[in-house]
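Notes follow the structure.
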Amino acid sequence: MLQAHNKASAWFDGLYQEHKDTHENIPWARQAVNPLLQSYLDEEDIHKGKALVIGCGLGDDAMALADAGYEVTAIDVSQTALDLAQVRFPNANIDFKKQDIFEYDETFDFVFEAFTIQSLPVVFREKMVKAVVSTVAKGGRLLLVAHKREEMFDGPPWPLTQDEVDLFKAEGLRELSHEIHTEESKISDTRFKVLFKK
Ligand SMILES: C[S@@+](CC[C@H](N)C(=O)[O-])C[C@H]1O[C@@H](n2cnc3c(N)ncnc32)[C@H](O)[C@@H]1O
């Protein structure tokens, strides 16, 4: 069924197609693991099990989780992104899957979400938070990484406010840690790294 967010989500496949030969101009693609996920894996991670990467893009974060010993599912709405990820990590034991987060009904022990929520207009925020929370198994964890909105920003993307991060608690998650990290960026120099438990 065509949903209101489909047009916003579909925009991504065009961008991945445009830059499929060289990934240099995909603005969010570090082509390396997100350092805030890596620090979680280095410092805090004691639980393994089934992990989900939401909006996995070129697949680096999924690869880091697979290397850390998780059984990884990595979803994205862009088939082009998934194809690129599979080419970049041909031997990875990762289930790369074309899947819209708004229509997913599986649960995982660990969910990693970086920059997907902020990539869709603010009007979808509450619905998206609900969709993300629904993928966390009881007792499972969610690690959220997002730019922090310091001032009104003419998106895309649309960085998150503290109130929007609090929506995860309203949906039944408990905050285990909450950090603000600084890294220069055209979007915002600050970003949230928040760990939740269901
Ligand atoms: C800004 S990019 C971030 C990619 C990656 N998480 C990273 O940090 O590099 C947002 C990603 O979310 C994907 N996406 C957008 N809407 C989605 C949806 N409804 N369900 C799943 N993935 C979606 C896009 O195709 C894109 O790969």
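None of the figures in this text is laboratory data; all of them are computed from the coordinates on show. Note that this is a predicted model, so its numbers are computed, not measured. Don't worry about glycine lacking a Cβ; one is built from the backbone with ideal geometry, like all the others, and counts go over all protein chains shown.
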* To do: With springs only between Cα atoms under 10 Å apart, run a GNM on the chain and tell me which of Asp42, Asp61, Asp109 wobbles the most.
  => Asp42
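Which value results when the Cα radius of gyration for region 130-180 is divided by 2.2 N^0.38 Å?
Expressed relative to 2.2 N^0.38 Å, the Cα Rg reads 1.24.
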* Which value in Å is the Kirkwood Rh of region 1-74 over different Cα pairs? -> 14.0 Å
* Asked: Over region 108-198, what is the mean sequence separation of C-alpha contacts under 8 Å (at least six apart), divided by residue count, expressed as relative contact order in percent?
  -> 34 percent
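Determine one quarter of the surface area of the Cα convex hull of region 6-197, which equals its mean projected area, and express it in nm² to one decimal.
9.9 nm²
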* **Gap separating the Cα centres of region 109-143 and region 10-57, nearest whole Å** => 15 Å
* Ranked by Cβ crowding within 10 angstrom, fewest neighbours first, how are Met128, Met152 ordered? -> Met152, Met128
* Please compute the net charge surrounding Asp60, taking Lys and Arg as +1 and Asp and Glu as -1 over other residues with Cβ under 10 Å from its Cβ. => +1
* Could you give me the ³J(HN,Hα) list for region 116-123, computed from phi with Karplus coefficients 6.51, -1.76, 1.60 and θ = phi - 60°, whole Hz, x at Gly and Pro? -> 7, 4, 6, 7, 10, x, 4, 4
